[in-house]
Structures are given as structure tokens and as C-alpha cells.
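Each remark here refers to the structure printed beneath this line.
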Amino acid sequence: MEELADEGRLTFRTEGSPPEIYHLMMTVPGLALDGRRLIVRNLHRCDIYLHLDYPRRPPVVTWLTPIFHPNILGPERNGGVCLGSWSASESLADVCARLGQLVAYRSLNPADALNVEAASWAQRNLVAPGADVEALAQLALEDAVDVTLVGG
């Protein structure tokens, strides 16, 4: 974690001794909604809770900033995050790297979606892992459910 912070990819603070909650802030281009249009959002925050079953089970990640991604729910929808498959050998730094990959659309799995509206949009637009976030922000949300009202 310290190495990632030293690289300037994220900042964090912890709670507990030993730490059980990590408050994470990362600077990665991702998507969010501004009304009915997509915008690029570069600053993202989440909390990572290391429960008693960690690392046998993945940590609990709660997303705290607006986001539009098939595998992440924004704070208005309880901030759930689907990390996908898990191995007990993964470090907390690996989890943070995975989160950055998700935010930047280098990784997504619309078939295992938490945000079905974002998944439907991604499938309609044939969004593939590694897509340019700036280009994705230009894609329309037409024919989508009014995602600003869903889950409210």
C-alpha cells in the first residue's frame, strides 16, 4: 500500500490497530453521471473493510463517490463493488489495483453486474476492457432507464 501511495496512484488512511478499515482515495479517470449525460470523474473514494474472514474471503469495499460502472454501485445505491473471483493470496495492494482497473474500464464484466443500467449501456455500446474513458463519456445514454431515479 505504501508503494502505491509513493507512486502517487492513491492516498489512504487507516482505522484500527492493526488496521481493519482503509479509507482510500485514488486519481483514475472513470465515468459518472451528470443528470442524463456521462462525465469523466478523476477522483474516487472508497472504504475497504478487512473483516475477520479476510483473506480467506475478499474484503468488503464500499464506494463513496459517484460512478457509472457495471460492477460498482454509487453511494446512492449503498456503494457495492463486485471484485469478481478471489484468491486468499491477493494482497490489499492487489485489491487496490483491481479497483483502479475497474474504475478506468480496463476491467468490466457486464454479465456479473451490480449496476444493470451501466451493464446494459456497456453491452449496447460494445464496451470492451481497455476502452478509452474520454471516448466512453461521449456515448449517449439513449434508450436507457433513467438511471438517476433507479434505486432512489
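The values are calculated or read from the model by the stated rules, or taken from the named source; none is laboratory data. Owing to the predicted nature of the structure, the values given are computational and were not obtained by experimental measurement. Cβ placement follows ideal geometry from the backbone for every residue including glycine, while neighbour counts extend to all protein chains displayed.
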For this session: Inspect segment 102-111 for any residue being exposed (fewer than 12 other Cβ atoms within 10 Å of the Cβ) and either in contact with an Asp or Glu (Cβ under 7 Å, 6 or more places away or on another chain) or among the basic types (Lys, Arg) (or both) and give the result as yes or no.
Result: no
For this session: Mind listing just one residue for me: the one in segment 13-61 that is among the small types (Gly, Ala, Ser) and part of a strand (DSSP E or B) and, of those, surrounded by the most Cβ atoms within 10 Å (Cβ to Cβ)?
Result: Gly30
Problem set entry | Test: residue in segment 65-76 that is closer than 24 Å to Ala135 by Cα, out of contact with any strand residue (DSSP E or B) (no Cβ under 9 Å at 6 or more places or on another chain) and in contact (Cβ under 8 Å) with a residue 40 or more places away in the chain | yes
For this session: Could you tell me whether any residue of segment 78-85 is more than 18 Å from Leu24 (Cα to Cα), at pLDDT below 95 and part of a loop (DSSP other than H, G, I, E, B)?
Result: yes
Exercise. What do you reckon, is Asn115 touching a residue at least 24 places away in the same chain (Cβ under 8 Å), touching a strand residue (DSSP E or B) at 6+ places or on another chain (Cβ under 7 Å) and over 20 Å from Leu10 (Cβ atoms)?
Worked result: yes
Seminar exercise, completed: Residue hits (segment 54-94; farther than 13 Å from Leu114 by Cβ and among the small types (Gly, Ala, Ser)) are Ser85, Ser87, Ala88, Ser89, Ser91, Ala93
